[in-house]
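Q: One structure coming up, written as structure tokens, with questions to follow.
The values are calculated or read from the model by the stated rules, or taken from the named source; none is laboratory data. As the structure is a prediction and not an experimental result, all values here were calculated from the model. Note that we place each Cβ from the backbone using ideal geometry, even for glycine, and neighbour counts take in every protein chain shown.
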Number of protein chains: 4
Amino acid sequence: MADKVNIGLIGAGRIGRVHAETLTRLVPGARLLAVTDVRLDAARDLAAQFGIARVADEPAALLADPDIQAVAICSSTDTHARFIQEAARSGKHIFCEKPIDLDLARIDATLAAVDRAAVKLQVGFNRRFDPNFSRIHDLVASGKLGRPEVVRITSRDPAPPPIEYIKVSGGIFLDMTIHDFDMARYLMGDEVEEVYASGSVLVDPAIGAAGDLDTALVSLRFRSGAIGVIDNSRRAVYGYDQRVEVFGSLGSAQANNNTPTNTVVSDASGVHADKPLYFFLERYQAAYVAEMRAFVGCILNDTTPPVTGRDARAPVVMGLAAWRSCREHRPVSLKEVEPG
Amino acid sequence: MADKVNIGLIGAGRIGRVHAETLTRLVPGARLLAVTDVRLDAARDLAAQFGIARVADEPAALLADPDIQAVAICSSTDTHARFIQEAARSGKHIFCEKPIDLDLARIDATLAAVDRAAVKLQVGFNRRFDPNFSRIHDLVASGKLGRPEVVRITSRDPAPPPIEYIKVSGGIFLDMTIHDFDMARYLMGDEVEEVYASGSVLVDPAIGAAGDLDTALVSLRFRSGAIGVIDNSRRAVYGYDQRVEVFGSLGSAQANNNTPTNTVVSDASGVHADKPLYFFLERYQAAYVAEMRAFVGCILNDTTPPVTGRDARAPVVMGLAAWRSCREHRPVSLKEVEPG
Amino acid sequence: MADKVNIGLIGAGRIGRVHAETLTRLVPGARLLAVTDVRLDAARDLAAQFGIARVADEPAALLADPDIQAVAICSSTDTHARFIQEAARSGKHIFCEKPIDLDLARIDATLAAVDRAAVKLQVGFNRRFDPNFSRIHDLVASGKLGRPEVVRITSRDPAPPPIEYIKVSGGIFLDMTIHDFDMARYLMGDEVEEVYASGSVLVDPAIGAAGDLDTALVSLRFRSGAIGVIDNSRRAVYGYDQRVEVFGSLGSAQANNNTPTNTVVSDASGVHADKPLYFFLERYQAAYVAEMRAFVGCILNDTTPPVTGRDARAPVVMGLAAWRSCREHRPVSLKEVEPG
Amino acid sequence: MADKVNIGLIGAGRIGRVHAETLTRLVPGARLLAVTDVRLDAARDLAAQFGIARVADEPAALLADPDIQAVAICSSTDTHARFIQEAARSGKHIFCEKPIDLDLARIDATLAAVDRAAVKLQVGFNRRFDPNFSRIHDLVASGKLGRPEVVRITSRDPAPPPIEYIKVSGGIFLDMTIHDFDMARYLMGDEVEEVYASGSVLVDPAIGAAGDLDTALVSLRFRSGAIGVIDNSRRAVYGYDQRVEVFGSLGSAQANNNTPTNTVVSDASGVHADKPLYFFLERYQAAYVAEMRAFVGCILNDTTPPVTGRDARAPVVMGLAAWRSCREHRPVSLKEVEPG
């Protein structure tokens, strides 16, 4: 039996590059064997940089390759469901960036295809692998905080993405808050039943013109009666603000931002510390490595991936409910957005 | 003209004692001349302890006393409106603990009486005088944080009050969150238009049986489009958790908890710091002094009190709207709870 | 038996004013009955401000006053030994600002006079009463840090005193480091046997011209074999820097600076916190109250003062040894500076 | 011209393994071509793990290999001088773990050989590449702290090394403090002229029996008149304690410990944070990468290494002076330990 998993990368864009570097240098159990991208040049460049042997301009070649056991899908969101289904039919294990899709029926069809093929599927909710957040998850799961009663998540980007991206992103709740929805479920070990979402356009009117919000607040109600709140902004001038707190009957755990250094300067104007790490590539560097190690590990050891298809689906339900809540100006039960 | 304000204290309970100590020792411009309490013994004890010259068992004596220029009303909430009105008619300036009343019509009648008498009225939203929170207020007001976009307030008590108190308190939104409603207005320099409140009974079923909640979340929407959130719990095992954060277009300001010391112990089990100061008497000690100095100062200098009748009324409106929101399970505009 | 101690204050200068305010407002067991100062006007002003009944221009009147049980000596250092001896002969208990004197023979004569009179003597090493430092003392004394191995003390003033003061101060080791020498003994619960001192003139050449240093480092060796270090500067642009750390076999405890607030501002230039409280009057406010409560308490309860004559003497020995070490450029045993 | 530097590794022990992993995975400009170790098995294991093509049981083979441009010397300290000289004669650039040797004459002969061969030599003072410390170095160098006046370095290991290691290590000042001596020079941008060292055996009597100390304090005097202090312990129960502080005329900069996460837990017993990262492999992980990137970069770009032969020699002089100071119980000028 092989001690390495041969992997094919689908998509040579920014996040594809992150995973290529991780898989070639920092995941001993992985061998990145092939890369494909609709822009063949991008695939070739990546292959040259990381010594990837095989290059193709479409996933079919890669899925037909018997040497390849698993794929990492890093292409644009609208291709995820299709590529997952094709990979499943080809018997490949699948790592896919979030979200699988923004349409629940298509997600369900995709997850059914994965189930039929009995391949492994892990979705890229990388923040679960951040050492701060996984520590808090473990504290909750261990019972050390008692019964979890409140979760607070602050998630602010340093700067908004291009308007063109926003237009196809599904909007703030399905593009940005979706990570926090996953985090809420992950930390609390509980399911959300109802959301109430509100928001504003305070950062850039063009975001509003595109039908989106840039500042948002979502209240959560969990099955257990626990409550939660997520606040989002598309622009924090001091950088990427990623903090969570779980408050329970026996105590509270907070994760603060990570910084480039722990230096402190005291001068006549005050005491000054570092800003948070700038954005997700900096903040979640270790998390990207850990999620890939986990994915490869669950193939090598034939275990269940730590972020399953169900984990991929639930935050989309929450995002759809948040949008409905916002539009209809009322709390929305998650059941309301489930397909008939 | 006198350089000291002669003050009569109405109510010799716990908070009366705090103000008596403050007024006799730490407010150079004040002379605490008289104290009254329905329990005459309590008044006498307090008078003996702090050298207060005159003692009575009802406010009338005190209000009739021409030497007294101002009263501090620290009696039970149900007497506030009546004593304010009587004091106003007697031409006394008034410091009154929050809230004036839980009924808007009665509040309005009371404020009208104060206006007619042209006396000063300051309400005991002491947290405005906490050095942390007033610093953040000043940062927002100065424009240093840019346009304020989000306010987050966490306010958790170390332990719930007796059930008997809860029954007459007006419930969590009018008893506990009311301070946070005031804080939200104070920090943001803006008015709330709409609230959405939800909550649970997680700490003690007896609180639920009394018709109240012990864990609550209120989403706020301000006139400017800014948003806010308050989370409350009646029990934080680590002590009084009182934190606020204002996030604006140019930066963010957070106030963390105060602690007895700044010592840190590192041992084989971790790095350990102090818990927050235990409860409001410890945390807001400096704030109690500052609010009384401000009250006395505005009498001596004939200026407007820093917490006005309008400031006293607005949080009650918010609390009533929060209760309606919770009961009707929908966002509630503040206008909806205004009297006809 | 009286439930209050009648106290006479000798010296109406800056520190005298601090103690006057403390004794009249914040020490329930004290009654400040009289004040004396060579500048009679200063004494009168203070008496008026704090309602002190009796005023005199020399201590004799006060020492002859049978109503007075204790004196607080806040006059200039060169008068301390004489006033202590006179107060002792008059049977008054004594609180005296540090140091008793800079001459060991005179200190010894003074302590002998106190012993003969069997009055209580407490010396104003106020920092022992700082909540941070007393916490660390208690941790060491309780054994929670194990065997204490290293003590580090950083003590930096915001700005140097006037050159005229420096000339008569005894120099940095007897004026400034003397507090840290006391702190080292207090925290470690151990005696220093040997010091090695070095220093520079980096802040102001006029300090060097006056024969003093403005930047200094003292290595300490304790009887137990533990080691320590004190670093001093006469100018920290960010304010009063007062930190200590004790490192032991089971852990370490650090006391950080106190700040006006616990607010943190994050903006495009970084994350900013408060500077330390400006200087000793701000930082040690609570300590001044606690030391006076302790002094009055030990009179009322007839217990030993928490800072004894021996505690007053030892840091002077250390200061004299530090100066000799610095001048002779070698480590100096404390025995070497003891009178033959 | 090649875009990669072919490197041969001498020594396949613990630190050799660290550099092998770094060079193969994280330094794009490096190609680790060969490894040699007196224990041929260890070399083979390492080669297999990291895909190193060539293996030998002695450096001669590697030094004779015309494909190899640079060597990384990670063998035992007593072989450093010899291997550096042989590598220089072979025209190889050299990275060598600290120290070159403990004998100044041999160091000088070695540096002369390097100069004659005109090859590059970088010594493994890896802490210079720690992001915290390099930030403080840059702040000092930029003048933002003004004139540097005081440097404080705390450096404590989690647990002492084996006694057998201690016996051949050169003792605490040449084995442990040597890193801090380098740090003091690096941070201050100044040369030390004189040291005063003292120490104790508090952790383990066996360390004393081996002629060494386990707890030590070194006072430093710089050419500029600035002063400094280093405190060391062989055992901090809470982990690797690595903090520095530079205090200057315009402000102060401190580097605190790095921790695995930024989570904080508040419970009934206090507020708890992470211990520092356990030891040097964890704390200085990023520094090991940065130093190797710097070494390879200075070969590719033909620039001077950031840690030169002079930087390698100076801390040995300081260590020898510290030992003499300790033995002769007096401050020792660095000139005193220079060879005739």
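Q: Quick one: count up the residues across the stretch B:256-276 that are within 11 Å of chain C (Cβ to nearest Cβ) and either in contact with a Phe, Trp or Tyr (Cβ under 6 Å, 6 or more places away or on another chain) or among the acidic types (Asp, Glu) (or both). Before the answer, list the steps.
A: Of all residues in the stretch B:256-276, those within 11 Å of chain C (Cβ to nearest Cβ) come to B:256-274, B:276.
So of that shortlist, the ones also either in contact with a Phe, Trp or Tyr (Cβ under 6 Å, 6 or more places away or on another chain) or among the acidic types (Asp, Glu) (or both) come out as B:266-267, B:274, B:276.
Number satisfying all stated conditions: 4.
Q: Give the stretch C:196-205 a look and list any residue that's surrounded by 23 or more Cβ atoms within 10 Å (Cβ to Cβ) and out of contact with any Leu (no Cβ under 6 Å at 6 or more places or on another chain), or say none.
A: Matches in the stretch C:196-205: C:TYR196, C:ALA197, C:LEU202.
Q: Run D:ARG235 past the list (1) under 30 Å from D:ARG330 (Cβ atoms); (2) within 14 Å of chain A (Cβ to nearest Cβ) and report the number of the one that doesn't hold.
A: (2)
Q: Whether any residue in the stretch B:216-230 is hydroxyl-bearing (Ser, Thr, Tyr) and either without any contact (Cβ under 8 Å) to a residue 60 or more places away in the chain or within 14 Å of chain C (Cβ to nearest Cβ) (or both) is what I want to check.
A: No, the stretch B:216-230 contains no residue that is hydroxyl-bearing (Ser, Thr, Tyr) and either without any contact (Cβ under 8 Å) to a residue 60 or more places away in the chain or within 14 Å of chain C (Cβ to nearest Cβ) (or both).
Q: Only residues that are over 25 Å from the mean Cα position of the chain (by Cα) and at pLDDT 95 or above: list them for the stretch C:61-89, please.
A: First, the residues of the stretch C:61-89 that are over 25 Å from the mean Cα position of the chain (by Cα): C:61, C:64-67.
Within the stretch C:61-89, C:ALA64, C:ASP65, C:PRO66, C:ASP67 meet the criteria.
Q: What is the one condition in (1) within 13 Å of another protein chain (Cβ to nearest Cβ); (2) crowded, with 24+ Cβ neighbours inside 10 Å; (3) within 17 Å of C:LEU217 (Cβ to Cβ) that D:ARG152 does not satisfy?
A: (2)
Q: So which residues in the stretch C:232-282 are under 17 Å from the mean Cα position of the chain (by Cα) and at pLDDT below 95?
A: Those that are under 17 Å from the mean Cα position of the chain (by Cα) and at pLDDT below 95: C:PHE279, C:PHE280, C:LEU281, C:GLU282.
Q: Still on this structure, I have one more. Can you tell me which residues in the stretch C:15-39 are within 13 Å of chain B (Cβ to nearest Cβ), under 19 Å from the mean Cα position of the chain (by Cα) and in contact (Cβ under 8 Å) with a residue 60 or more places away in the chain?
A: C:THR22, C:LEU23
Q: Does A:LEU33 count as surrounded by fewer than 24 Cβ atoms within 10 Å (Cβ to Cβ) and touching a Gly at 6+ places or on another chain (Cβ under 7 Å)?
A: For A:LEU33, the condition - surrounded by fewer than 24 Cβ atoms within 10 Å (Cβ to Cβ) and touching a Gly at 6+ places or on another chain (Cβ under 7 Å) - is met.
Q: Separate question: Restricting to the stretch A:257-270, count the residues that are part of a loop (DSSP other than H, G, I, E, B) and surrounded by 17 or more Cβ atoms within 10 Å (Cβ to Cβ). If you could, list the steps in order and put the result at the bottom.
A: First pass over the stretch A:257-270, keeping only residues part of a loop (DSSP other than H, G, I, E, B): A:257-262, A:268-269.
Those left that are additionally surrounded by 17 or more Cβ atoms within 10 Å (Cβ to Cβ): A:257-259, A:261-262.
Total meeting the criteria: 5.
Q: Separate question: Any residue in the stretch D:1-14 that is within 14 Å of chain A (Cβ to nearest Cβ) and either free of Cβ contacts under 8 Å to residues at least 40 places away in the same chain or crowded, with 22+ Cβ neighbours inside 10 Å (or both)? Working first, answer last.
A: Narrowing the stretch D:1-14 to residues within 14 Å of chain A (Cβ to nearest Cβ): D:3-4.
Still in the running and either free of Cβ contacts under 8 Å to residues at least 40 places away in the same chain or crowded, with 22+ Cβ neighbours inside 10 Å (or both): D:4.
There is at least one residue in the stretch D:1-14 that is within 14 Å of chain A (Cβ to nearest Cβ) and either free of Cβ contacts under 8 Å to residues at least 40 places away in the same chain or crowded, with 22+ Cβ neighbours inside 10 Å (or both).
Q: Pick out the one residue from A:ALA184, A:ALA206 that is part of a helix (DSSP H, G or I), more than 11 Å from chain B (Cβ to nearest Cβ) and closer than 21 Å to B:LEU220 by Cβ.
A: Going through A:ALA184, A:ALA206 in turn, just one is part of a helix (DSSP H, G or I), more than 11 Å from chain B (Cβ to nearest Cβ) and closer than 21 Å to B:LEU220 by Cβ: A:ALA184.
Q: What is the one condition in (1) touching a Cys at 6+ places or on another chain (Cβ under 7 Å); (2) under 23 Å from A:SER134 (Cβ atoms); (3) of a type outside the set (Val, Ile, Thr) that A:ALA197 does not satisfy?
A: Here A:ALA197 clears every test but (2).
Q: Condition first: crowded, with 22+ Cβ neighbours inside 10 Å and either within 22 Å of C:PHE280 (Cα to Cα) or in contact with a Pro (Cβ under 6 Å, 6 or more places away or on another chain) (or both). Now tell me which residues in the stretch C:242-252 satisfy that.
A: Matches in the stretch C:242-252: C:GLN242, C:VAL244, C:GLU245, C:VAL246, C:GLY248.
Q: State the number of residues belonging to the stretch C:158-177 that are surrounded by fewer than 23 Cβ atoms within 10 Å (Cβ to Cβ) and either among the hydroxyl-bearing types (Ser, Thr, Tyr) or within 24 Å of B:THR259 (Cα to Cα) (or both).
A: 2
Q: Which residues, counting only those in the stretch B:238-255, are in contact with a strand residue (DSSP E or B) (Cβ under 6 Å, 6 or more places away or on another chain), within 14 Å of chain C (Cβ to nearest Cβ) and among the hydroxyl-bearing types (Ser, Thr, Tyr)?
A: B:SER252
Q: Is it the case, given these coordinates, that A:ASP45 is over 24 Å from the mean Cα position of the chain (by Cα), part of a helix (DSSP H, G or I) and not small (Gly, Ala, Ser)?
A: Against the criterion (over 24 Å from the mean Cα position of the chain (by Cα), part of a helix (DSSP H, G or I) and not small (Gly, Ala, Ser)), A:ASP45 qualifies.
Q: Looking only at the stretch B:301-340, count every residue that is out of contact with any Asp or Glu (no Cβ under 7 Å at 6 or more places or on another chain), of a type in the set (Val, Ile, Thr) and either within 28 Å of B:GLN69 (Cβ to Cβ) or within 14 Å of another protein chain (Cβ to nearest Cβ) (or both) and tell me the total.
A: 5
Q: So, one more: Going through the stretch C:111-147 one residue at a time, which ones are touching a Leu at 6+ places or on another chain (Cβ under 8 Å), among the β-branched types (Val, Ile, Thr) and under 23 Å from C:VAL5 (Cα atoms)?
A: Once the filter is applied, which keeps residues that are touching a Leu at 6+ places or on another chain (Cβ under 8 Å), among the β-branched types (Val, Ile, Thr) and under 23 Å from C:VAL5 (Cα atoms), the stretch C:111-147 yields only C:VAL114.
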